[in-house]
Amino acid sequence: MSRTRENTGFRCEQCGRSVAPLTNGSYRNHCPFCLYSKHVDITPGDWACACRGLMEPIGVRWKSGKGYQIVHRCRRCRAVRVNRTADDALQPDDYGLILQLMALGEEKSEEAYTLRVQLP
Ligand SMILES: [Zn+2]
Ligand SMILES: [Zn+2]
């Protein structure tokens, strides 16, 4: 059974705000207000993961060719995912939060460092 996700909005389970779908055609996979995501995919957009845990933003990294990416970790199963930031016209990602995450990664956090090394 496969189920394709539609590009619809959702209500964020972390901050409770309504999130509109992206206007640029990409799929919105995290909340622009608090940057939390949800663990629903094995590959992006497939809705194939049964976990459904909340994914906490734990860092931001820069990848050439892809731009800024938010590193999310699932609170339930500890899986780590990397998601591109959304520069949507309507509801762009909170840039202040992204900057905070960046600073966090730079400062120390052995964990974030280890993750950076392990990520592709
Ligand atoms: Zn949120
Ligand atoms: Zn999970």
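Bear in mind these aren't lab numbers, they're just calculated from the coordinates by the rules spelled out. On a predicted model such as this, the values are computed, not experimentally measured, just so you know. Virtual Cβ from ideal backbone geometry, glycine too; neighbours counted across all protein chains shown.
Quick notes on this one:
- Summarising the label geometry, the points placed 7 Å from Cα in the beta-carbon direction at Asp94 and Arg52 lie 2.5 nm from one another.
- Extension reserve of the Ala20-Ala103 stretch, reckoned as 0.36 nm per residue once the Cα distance is removed: 27.1 nm
- Sequence of Leu35, Leu54, Leu22 once ranked by neighbouring C-beta atoms within 10 Å, starting from the fewest: Leu54, Leu22, Leu35
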